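Visitor: This is the structure I have questions about; it appears just below.
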Ligand code: AMP
Ligand code: MG
């Protein structure tokens, strides 16, 4: 299997995705649906608007009466949203109408209140001419009864929630979320709850991974810390293999204390690869048992997070039914030179700032050691240096994969248009 022993990032992604199938569906209440993915096409339950309605507060009129401005009309009725008109508008007449209220028979246009002047209680002067159809939203203009308004595979955002409520869907079918377990391994690790010991390594990976999963809407289970002992490790791994996805942190390398891979194999996991040509993240193992996906993530904290982004995240999004599997990448201008030896794809932690010309500018967060979480904590994104690239120069255009937290900025970023 040595051919599987040094995959490119994209070959490794393709391998993982080849084993990640979209999970089945479940019906849930709308108020729990944010962030989930529709497992069904959703159709309009009626025309929307259900009839021609006013787009403004104003008067429903006959446009033929109003070839010119300065016309007096008699107000015959008041129509609010939710009312049905009772009268027909005849020549010389109009109806007072509110936004969203049905346009009465006889009328073919709406004049907004700002273009009118009340003379008496039931007499209004219209100050502008109007064309037929003015300020009327026609029946079915938003959606027609039976139309598919949301396709399966749509991520449920606040806008989608609003639309689902509009078509009266109190419950929706969405894809299931996989059950995910996280196991940390290593004799040197000190749990967050344990008393501080300067000689130990603080166990951080399970916490960072948990947060990466929570950001995807998954609430994982942390199984704990397994010592570098094959029997203890096997006990933990057996538990973890009951989940849909098992993330094992550390111990996947080739050191004498790295027991993860052989122990997984002994438990019936088929290993598909265990090295990827990337930096950070070289020792990354991937295997499957039945439908369970097992990732042996590198122990180094940044490597663990970067590998999650490249391989675990797309697989989980596939399982949850998302058509868009990968982090968004943006083009940015590199702020400084960057050394790179051809060979491995490299992920550089960067901050992003918007330059005066509107372009994004990427700046390294500093030392890029795979153990340095300070530089990860500051990063807006991961600059992707292609495997075969040489050194990069200041001003070069680069691709940056956005991380959580990069969606916001300090100013609104737009200016009001001059009048
Ligand atoms: P390993 O992949 O087990 O060889 O670990 C590589 C490096 O990552 C070592 O310095 C470990 O101490 C560190 N490491 C491993 N697991 C964790 C973890 N769960 N949290 C923080 N650091 C870790
Ligand atoms: Mg270890």
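Visitor: Filter the range 9-23 down to residues that are touching a strand residue (DSSP E or B) at 6+ places or on another chain (Cβ under 7 Å) and either assigned to a loop (DSSP other than H, G, I, E, B) or buried (at least 20 other Cβ atoms within 10 Å of the Cβ) (or both), then give me how many there are.
Guide: First, the residues of the range 9-23 that are touching a strand residue (DSSP E or B) at 6+ places or on another chain (Cβ under 7 Å): 9, 12, 15-16, 19-20, 22-23.
Keeping just the survivors that are either assigned to a loop (DSSP other than H, G, I, E, B) or buried (at least 20 other Cβ atoms within 10 Å of the Cβ) (or both) gives 9, 12, 16, 19-20, 22-23.
Total satisfying the criteria: 7.
Visitor: For the condition within 14 Å of ligand 1 (Cβ to nearest atom) and farther than 27 Å from residue 374 by Cβ, what is the one hit in 282, 272, 259? I'd like the intermediate steps shown before the answer.
Guide: On the way: 282 fails: farther than 27 Å from residue 374 by Cβ; 272 fails: within 14 Å of ligand 1 (Cβ to nearest atom).
It is 259.
Visitor: Is it the case that the range 401-419 has a residue that's at pLDDT 95 or above, surrounded by 14 or more Cβ atoms within 10 Å (Cβ to Cβ), more than 21 Å from the chain's Cα centre (by Cα) and not assigned by TED's automatic domain parsing to the domain that holds residue 181? It would help to see each step written out before you state the result.
Guide: Taking the range 401-419 first, the residues at pLDDT 95 or above are 401-403.
Retained after the next criterion (residues that are surrounded by 14 or more Cβ atoms within 10 Å (Cβ to Cβ)): 401-403.
Restricting the remaining residues to those that are more than 21 Å from the chain's Cα centre (by Cα) gives none.
No: zero hits.
Visitor: Which numbered condition in (1) more than 10 Å from ligand 1 (Cβ to nearest atom); (2) surrounded by 15 or more Cβ atoms within 10 Å (Cβ to Cβ); (3) not in a loop (DSSP other than H, G, I, E, B) is the only one that residue 209 fails?
Guide: Of (1) more than 10 Å from ligand 1 (Cβ to nearest atom); (2) surrounded by 15 or more Cβ atoms within 10 Å (Cβ to Cβ); (3) not in a loop (DSSP other than H, G, I, E, B), only one is false for residue 209: (1).
Visitor: Here's a follow-up. What about residue 99, is it farther than 26 Å from residue 143 by Cα and touching a residue at least 12 places away in the same chain (Cβ under 8 Å)? Steps first, please.
Guide: Numbers: farther than 26 Å from residue 143 by Cα: no; touching a residue at least 12 places away in the same chain (Cβ under 8 Å): yes.
Against the criterion (farther than 26 Å from residue 143 by Cα and touching a residue at least 12 places away in the same chain (Cβ under 8 Å)), residue 99 does not qualify.
Visitor: Of the residues that make up the range 226-241, is at least one touching a strand residue (DSSP E or B) at 6+ places or on another chain (Cβ under 9 Å), within 21 Å of residue 305 (Cβ to Cβ) and at pLDDT 95 or above?
Guide: yes
Visitor: Within the group 286, 273, which residue is buried (at least 24 other Cβ atoms within 10 Å of the Cβ) and more than 16 Å from ligand 2 (Cβ to nearest atom)? Can you show your working first?
Guide: Numbers: 273 fails: buried (at least 24 other Cβ atoms within 10 Å of the Cβ).
Only one candidate passes the filter, namely 286.
Visitor: Condition first: more than 27 Å from the chain's Cα centre (by Cα), within 15 Å of residue 183 (Cβ to Cβ) and more than 13 Å from ligand 1 (Cβ to nearest atom). Now tell me which residues in the range 288-314 satisfy that.
Guide: The one that is more than 27 Å from the chain's Cα centre (by Cα), within 15 Å of residue 183 (Cβ to Cβ) and more than 13 Å from ligand 1 (Cβ to nearest atom): 289.
Visitor: So, one more: Based on what the data block shows, is residue 246 under 18 Å from residue 216 (Cβ atoms) and either surrounded by fewer than 24 Cβ atoms within 10 Å (Cβ to Cβ) or outside the structural domain of residue 181 (by TED's automatic domain parsing) (or both)? Spell out the reasoning first.
Guide: Working: under 18 Å from residue 216 (Cβ atoms): yes; either surrounded by fewer than 24 Cβ atoms within 10 Å (Cβ to Cβ) or outside the structural domain of residue 181 (by TED's automatic domain parsing) (or both): no.
Answer is no for this residue.
Visitor: Let me ask something additional. In the range 219-237, which residue that is part of a loop (DSSP other than H, G, I, E, B) and over 14 Å from residue 295 (Cβ atoms) is nearest to ligand 1 (Cβ to nearest atom)? Steps first, answer last, please.
Guide: The initial filter retains those residues of the range 219-237 that are part of a loop (DSSP other than H, G, I, E, B), namely 219-220, 227-229.
Checking the rest, the ones that are also over 14 Å from residue 295 (Cβ atoms) come to 219, 227-229.
Values: 219: 19, 227: 12, 228: 8, 229: 14 Å.
In this case the residue turns out to be 228.
Quick grid of which residues meet (1) over 19 Å from the mean Cα position of the chain (by Cα); (2) closer than 30 Å to residue 45 by Cβ; (3) within 16 Å of ligand 2 (Cβ to nearest atom):
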{"position": "153", "(1), (2), (3)": "no, yes, no"}
{"position": "156", "(1), (2), (3)": "no, yes, no"}
{"position": "172", "(1), (2), (3)": "no, yes, no"}
{"position": "181", "(1), (2), (3)": "yes, no, no"}
{"position": "190", "(1), (2), (3)": "yes, no, yes"}
{"position": "222", "(1), (2), (3)": "yes, no, no"}
{"position": "225", "(1), (2), (3)": "yes, no, yes"}
{"position": "246", "(1), (2), (3)": "yes, no, no"}
{"position": "255", "(1), (2), (3)": "yes, no, yes"}
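Visitor: How many of the residues in the range 297-323 are part of a helix (DSSP H, G or I), closer than 22 Å to residue 153 by Cβ and out of contact with any strand residue (DSSP E or B) (no Cβ under 8 Å at 6 or more places or on another chain)?
Guide: Final tally of qualifying residues: 4.
Visitor: Let me ask another. Looking at (1) crowded, with 20+ Cβ neighbours inside 10 Å; (2) over 28 Å from the mean Cα position of the chain (by Cα); (3) over 28 Å from residue 165 (Cβ atoms), which is the one condition that is false for residue 70?
Guide: The failed condition is (1).
Visitor: Does the range 372-391 hold any residues that are assigned to a loop (DSSP other than H, G, I, E, B), under 21 Å from residue 343 (Cβ atoms) and in contact (Cβ under 8 Å) with a residue 60 or more places away in the chain, and which are they?
Guide: The initial filter retains those residues of the range 372-391 that are assigned to a loop (DSSP other than H, G, I, E, B), namely 372, 378-380, 386-391.
So of that shortlist, the ones also under 21 Å from residue 343 (Cβ atoms) come out as 386-391.
Across the range 372-391, the qualifying residue is only 387.
Visitor: Also: Being assigned to a loop (DSSP other than H, G, I, E, B) and either in contact with a strand residue (DSSP E or B) (Cβ under 6 Å, 6 or more places away or on another chain) or within 13 Å of ligand 1 (Cβ to nearest atom) (or both) is the filter here, so list the residues in the range 168-193 that pass it. First the steps, then the outcome.
Guide: Keep residues of the range 168-193 that are assigned to a loop (DSSP other than H, G, I, E, B), which gives 168-170, 176-179, 186-188, 191-193.
Hits for the range 168-193 are 176, 178, 186, 187, 188, 191, 192.
Visitor: Let me ask you something else. Condition check: free of Cβ contacts under 8 Å to residues at least 40 places away in the same chain, in contact with a strand residue (DSSP E or B) (Cβ under 9 Å, 6 or more places away or on another chain) and more than 16 Å from ligand 2 (Cβ to nearest atom). Does residue 268 satisfy that? Lay out the reasoning, then the answer.
Guide: On the way: free of Cβ contacts under 8 Å to residues at least 40 places away in the same chain: yes; in contact with a strand residue (DSSP E or B) (Cβ under 9 Å, 6 or more places away or on another chain): yes; more than 16 Å from ligand 2 (Cβ to nearest atom): yes.
It is true that residue 268 is free of Cβ contacts under 8 Å to residues at least 40 places away in the same chain, in contact with a strand residue (DSSP E or B) (Cβ under 9 Å, 6 or more places away or on another chain) and more than 16 Å from ligand 2 (Cβ to nearest atom).
Visitor: Here's another thing I want to ask about it. Select, from 147, 135, the only residue that is touching a residue at least 40 places away in the same chain (Cβ under 8 Å) and at positive phi. Before you say what the answer is, go through the steps one by one.
Guide: Numbers: 147 fails: at positive phi.
After ruling out the rest, the residue left standing is 135.
The values are calculated or read from the model by the stated rules, or taken from the named source; none is laboratory data. This is a predicted model, so every value here is computed, not measured. Cβ: placed from backbone, ideal geometry, glycine included. Neighbour counts: every protein chain shown.
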